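Each remark here refers to the structure printed beneath this line.
Here, each number is a calculation from the coordinates, and none is a lab measurement. Quantities reported herein were computed from a predicted structural model and do not represent experimental measurements. Cβ coordinates were reconstructed from backbone atoms using ideal geometry, including for glycine residues, and neighbour counts include every protein chain displayed.
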Amino acid sequence: MLFDKLETLDDLLLMCLKDLYSAETQLVEALPQMAESAKDGRLRRGLERHLRETEEQVKRLERIGKSLGQDLTGETCVAMKGLIKEGQKLMSENATEEVMDAALIGASQKIEHYEIACYGTAAHYAERLGYTDAADLLRKTLEEEQFTDTKLNELAKNYLNKKAE
């Protein structure tokens, strides 16, 4: 347990940051397998690009933790653990390449939507508490996550889901 009792918005922000740090470090480990499972070149390149972006997002979180005098390690984001486990189970299914690619997009979007919710909340808390630099960094990552979700959605709707039919 992170706190005996959550008493302040600062406590909630720290809880969010630790959760995000764990989520992103887990994702850094999972994305290479997801990219390798993708058969469509555009999807694979997109997942590889998101891996590099996620590595930068981890560094951003470390900067935020340092600026707040907080260590963000030591917690496990159980939500991301579950989303990754679900994705790994999906990748073990016997599916055509086209259906697997469509399924990978769906699994990736679940992850993106979770991250969007978490980053939006953390950015709001940081801004409310007057941590302007932290809020700016969190909003930058939020924008990246939203962009990734949009790109995945476009790839699914305009191309891969049609192939999977």
* Asked: For the chain, with only Lys/Arg (+1) and Asp/Glu (-1) charged at the beta-carbon, what is the dipole magnitude about the Cα centre, in debye rounded to 20?
  -> 360
* Per residue of the range 124-130, in order, report the coupling 6.51 cos²θ - 1.76 cosθ + 1.60 (Karplus, θ = phi - 60°) as ³J(HN,Hα) in whole Hz, putting x for Gly and Pro. => 5, 4, 4, 5, 4, 7, x
* **Label corresponding to Rg/Rh (Cα atoms, Kirkwood Rh) when calculated from the structure given, among [x] 1.02; [y] 1.11; [z] 1.29** => [x]
* May I ask for the net charge around Ala95, where only other residues with Cβ less than 11 Å from the Cβ of Ala95 are counted and Lys, Arg are +1 while Asp, Glu are -1? => -3
* To do: Could you list Thr148, Thr121, Thr73 in order of exposure, starting from the residue whose Cβ has the fewest other Cβ atoms within 10 Å?
  => Thr73, Thr121, Thr148
* To do: List the relative contact order of the range 9-164 as a percent without decimals, with contacts defined as Cα pairs under 8 Å and 6+ residues apart.
  => 29
* **In degrees, nearest ten, helix 41-67 long axis to first principal axis of the chain (Cα)** => 10
* **Between the range 1-56 and the range 80-139, the alpha-carbon center distance in angstrom** => 7
* **Sequence-distant lysines (8 or more away, or on other chains) whose Cα lies within less than 19 Å of Lys110** => Lys81, Lys85, Lys89, Lys151, Lys157
* To do: Could you pull out every one of the aspartates and glutamates with an alpha carbon less than 19 Å from that of Lys162, ignoring same-chain neighbours closer than 8 positions?
  => Asp40, Glu97, Glu98, Asp101, Asp149, Glu154
* Asked: Extension gain Asp133-Lys85, at 0.36 nm per residue separation less the Cα-Cα distance, in nm?
  -> 13.9 nm
